Structure formats: structure tokens, C-alpha cells
Amino acid sequence: MPSGAAVAALRRAAGRLAASHRIAAALAVGIAVGITAGSAGATRLPRTAGWRVLASPTSPTASSGFASVACTGATFCVAVGGAASATGSHPLIERFDGTGWTTLSPASGGPADGYLDGVACVSPRWCMAVGQSRTTLAERWNGTSWSVVPSVAPRSGGSVLLGISCRSSRWCRAVGASYDAGRQDRTLIEAWDGSRWSSVTSPNRTTLSNWLESVSCPTVRFCQAVGFVAVNAKASGATERDLAVRWDGVRWSVAATPDRLRASNDLFGVACTSTSWCVAVGRAQVRHRGVLRTHSELETWDGTTWSLVTTPATDSPIRSFLGVTCVTRRRCTVVGTRTQRGPPHTSVLSWDGARWTVVPSPDARGSVDDALLGVACPTPSRCEAVGYDRAGHLVRTLAEQGP
């Protein structure tokens with residue numbers, strides 16, 4: 001059983017990240033009830049007509065889950081997340097070689113407590129992953145092993161990096177939030193120049209809490225990052241609003257977003273193929289007759305404006321979009337969760353350049369709670385999605401492959 005301090009620490013992290021369904025929240029479930037929780041089962045490979053569950057290494061006695069995935073081709077993908085330990089959680093990294101997932105050794109001298117929430121790869125010999133271990137955490141892959149790279153923690157209360165986008169091994173942008181005890185959270189953006197991370201001036205939409213969850217940079221002169229901000233609930237009836245900030249090659253600035261009225265809005269993922277095409281996804285929560293209802297949220301960027309898009313998954317069943325990737329302007333895939341008369345199930349939405357379509361996706365065998373948090377499509381005909389499922393109190397890694 002983990003120590004009370006470890007449980008409390010992870011619960012605090014989970015509380016801050018619960019709105020984004022990040023892996024810290026999932027692991028808190030497993031750790032709070034104890035590390036040992038029974039067998040995960042040796043075989044669990046359900047499939048639908050298009051998507052199928054892939055076997056991924058997962059402990060039969062300790063909780064673990066994926067938060068993000070990056071691919072450079074059909075035979076090289078990296079998934080990152082966290083795994084429960086006696087002290088709280090530790091970073092988890094696995095590699096896909098085109099046939100199966102295997103666990104990679106952690107960074108030498110890496111943190112004993114923490115997790116990874118975002119990853120970007122520019123080749124099979126270079127990846128960068130980001131997350132949190134008491135403060136910001138960055139780890140680099142050189143084709144053979146992982147190593148910790150010093151990152152910036154601009155405020156004393158703590159900082160976390162949640163998303164990353166890289167154009168080369170010498171150019172990356174990572175986003176997240178930083179906070180001081182008793183003060184409001186602030187957006188955090190860091191820049192990688194090939195040798196070190198540095199903090200970049202980042203804008204905030206309100207004087208209350210501001211978080212950035214995801215970033216996409218199709219060029220070094222254009223990026224979009226998305227997240228959410230806290231607002232005055234008494235004045236608006238909502239607690240959070242969408243946040244989008246744009247990089248123009250010189251500075252970051254807040255971009256207007258079309259929040260749903262009378263709803264709490266959160267954006268969790270963004271993907272851009274050019275300066276004139278981006279897709280951002282998340283959720284909107286509306287209280288109706290005392291009941292909080294969750295709806296998926298999808299917005300597109302046309303080069304000047306973000307616009308809300310209605311999809312077949314907008315209202316029914318209840319869905320949260322948590323990750324998105326776009327291979328081209330005519331090929332995007334969105335993943336997340338859906339809930340209808342029971343616990344959450346995996347959810348996939350596809351864009352073919354003309355319409356959005358709900359795609360059937362399987363849950364892990366024996367699970368009671370499934371979520372896909374990240375997706376990458378190394379080719380136009382293949383995608384790899386990752387997340388977690390829960391069997392009893394045990395959280396397990398979940399990997400799926402689809403068209």
C-alpha cells in the first residue's frame with residue numbers, strides 16, 4: 001500500500017488534471033485503493049469492423065495507463081504515460097515496432113515519482129517526452145535510450161508540461177501550466193533549441209486559472225495551443241472557457257474561440273496541417289435541471305477564425321473528445337470517451353474531407369471504464385490510439401489500431 005503522503009500528492013495532481021482526463025487522474029484511482037488489485041488477464045483483444053485492441057505490456061498487480069502517442073512511420077511509435085509505484089507513480093514509455101508494443105527502460109537517473117503526458121518524435125532516433133515530477137519533466141530518446149533533459153520551472157508552487165510539438169531535433173514547443181501556492185495557475189510555454197529548454201512569454205485569457213493542454217506546430221512560424229481558463233461561475237453560469245493561443249513566429253497571442261453559451265468549455269487536443277487548417281477538440285458541460293450533461297466539442301481553424309462544428313457525436317450519446325491527429329486536411333481522427341446508460345467506452349470520430357463520421361471502436365475485454373487519450377496516424381490508412389481501461393480498481397494500458 002502506498003504511503004498516505006503519496007496518495008495525497010497524486011490526488012492533488014489528479015484534481016488539477018481531472019478536467020482533461022489525463023493519466024494522473026486515472027492512476028489516482030488505482031493508487032488510492034492500493035497497488036495490488038488482482039490480475040489484468042493475459043488475453044484481451046476485442047475488435048470491431050475497423051479498430052482492434054492490441055496487446056500492450058501491463059502489470060497484473062499495479063495500475064498503469066497511456067496519455068499520448070507519436071509515430072514516425074508504421075514501424076515506429078512511442079506511447080507515454082504513468083505507472084503506479086509505492087511512492088505514487090513513475091513515467092511509463094512503450095514502443096511499437098509494427099507488430100507489437102514493448103516496454104522501454106526508463107531514463108537513467110530519472111524521477112522515482114512522476115508521469116509523462118506528451119510525446120513528439122521526428123525520427124526513430126529522436127523523440128522528446130514531457131510531463132511532471134514535482135515540477136516540469138522532459139526526457140529525450142536518442143534511438144537507444146532515454147535521458148532526462150533539464151526543463152524550466154518558472155514558479156515555485158509547481159509546473160507541469162502536458163503537450164509538445166517538434167519540427168526537428170532542434171525545434172520544439174511544449175505547453176502546460178505553472179502555479180504558486182495560493183495563486184492562480186498560469187499558462188506555461190517552453191522552447192527547445194537543440195541544447196536546452198527555455199521559458200517563453202505566454203498569454204493568459206483571464207486573471208483566474210489558465211491551462212494549456214495541447215500544441216501543434218505545422219511550421220516553425222505557426223503554432224496553435226489550446227486548453228481552458230477558469231471564469232466567474234456566478235456571472236456566467238459556467239466554470240471554464242476554451243483557451244486558444246497562437247504563435248506567429250514572433251509572439252504568442254490569445255485567439256478568440258466560440259464557447260458554447262451557458263456551458264463549461266474545455267479544449268484538450270489540437271492538430272494542424274497548415275496555417276489555414278487546424279482541428280481542436282474537447283468537451284462542453286451543461287447543467288440541465290440540476291444534472292450536469294457532457295457534450296463533445298469540435299472546432300476548426302480556417303486561417304483567421306475558430307468555428308464550432310456540429311458532428312454526429314455532438315450531443316448523443318454523451319462524449320468527450322480528448323485527442324486528435326490530422327494526416328492531411330482531408331484525413332483527421334479524433335478519439336475520446338462516450339457514455340450511455342453506464343460507464344465510459346472508447347470513442348472514435350473520422351474526417352474524410354467532406355464529413356465527420358462516428359467509427360465503431362472496441363473496449364478492452366473485461367473492462368468497466370475505457371478511454372482513448374491520444375492518437376497518431378503514421379500513414380493515411382493506419383492509426384495507433386492509446387489510453388487506459390479499468391478492470392475493478394486496476395487501471396491498465398490500452399492500445400488500439402484502426403484504419
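Among the residues of the stretch 191-207, is any among the polar types (S, T, N, Q) and either on the phi > 0 side of the Ramachandran plot or touching a residue at least 60 places away in the same chain (Cβ under 8 Å) (or both)?
The answer is no, given that none of the residues of the stretch 191-207 is among the polar types (S, T, N, Q) and either on the phi > 0 side of the Ramachandran plot or touching a residue at least 60 places away in the same chain (Cβ under 8 Å) (or both).
Given the conditions (1) more than 16 Å from Ala225 (Cβ to Cβ); (2) at pLDDT 95 or above, and given that Thr294 satisfies all but one, which numbered condition is not satisfied?
Checking Thr294 against (1) more than 16 Å from Ala225 (Cβ to Cβ); (2) at pLDDT 95 or above, the one that fails is (2).
What's the total number of residues in the stretch 60-91 that are surrounded by 20 or more Cβ atoms within 10 Å (Cβ to Cβ), outside any strand (DSSP E or B) and polar (S, T, N, Q)? Please lay out each step first, then the result.
First pass over the stretch 60-91, keeping only residues surrounded by 20 or more Cβ atoms within 10 Å (Cβ to Cβ): 62-71, 77-84, 88-91.
Among the residues that remain, those that are also outside any strand (DSSP E or B) are: 62-63.
Of the ones still in play, those that are also polar (S, T, N, Q) are 63.
Summing the residues that are surrounded by 20 or more Cβ atoms within 10 Å (Cβ to Cβ), outside any strand (DSSP E or B) and polar (S, T, N, Q) in the stretch 60-91 gives 1.
So, in the stretch 165-213, how many residues would count as being open to solvent by 20 Å² or more (accessible area, probe 1.4 Å) and closer than 22 Å to Arg283 by Cα?
The qualifying residues number 6.
Report, by residue number, each residue of the stretch 113-136 that is in contact with a strand residue (DSSP E or B) (Cβ under 6 Å, 6 or more places away or on another chain) and more than 16 Å from Ile189 (Cβ to Cβ). Let's see the steps before the verdict.
Initially, the stretch 113-136 is screened for residues in contact with a strand residue (DSSP E or B) (Cβ under 6 Å, 6 or more places away or on another chain), giving 113-124, 127-132, 135-136.
Once the filter is applied, which keeps residues that are in contact with a strand residue (DSSP E or B) (Cβ under 6 Å, 6 or more places away or on another chain) and more than 16 Å from Ile189 (Cβ to Cβ), the stretch 113-136 yields Asp113, Gly114, Tyr115, Leu116, Val119, Cys121, Val122, Ser123, Pro124, Cys127, Ala129.
Anything in the stretch 376-403 that is open to solvent by 10 Å² or more (accessible area, probe 1.4 Å), out of contact with any helix residue (DSSP H, G or I) (no Cβ under 8 Å at 6 or more places or on another chain) and hydroxyl-bearing (Ser, Thr, Tyr)? List them, or say none.
Hits for the stretch 376-403 are Thr379, Ser381.
Check Ser350 against each of (1) touching a strand residue (DSSP E or B) at 6+ places or on another chain (Cβ under 6 Å); (2) more than 15 Å from Val327 (Cβ to Cβ); (3) not aromatic (Phe, Trp, Tyr) and name the one condition it does not meet.
(2)
Return the residues of the stretch 94-122 that are open to solvent by less than 40 Å² (accessible area, probe 1.4 Å), modelled with pLDDT of 95 or more, in a strand (DSSP E or B) and under 22 Å from Cys166 (Cα atoms); say none if nothing qualifies.
Within the stretch 94-122, Glu94, Phe96, Leu116, Asp117, Gly118, Val119, Ala120, Cys121 qualify.
The values are calculated or read from the model by the stated rules, or taken from the named source; none is laboratory data. Remember, it's a predicted structure, so these values are computed and weren't measured experimentally. Glycine also receives a Cβ, built like all others from the backbone with ideal geometry; neighbour counts cover every protein chain displayed. With ligands, DNA and RNA removed, areas are computed over all heavy atoms of the protein, side chains included. Shrake-Rupley method; radii C 1.70, N 1.55, O 1.52, S 1.80 Å.
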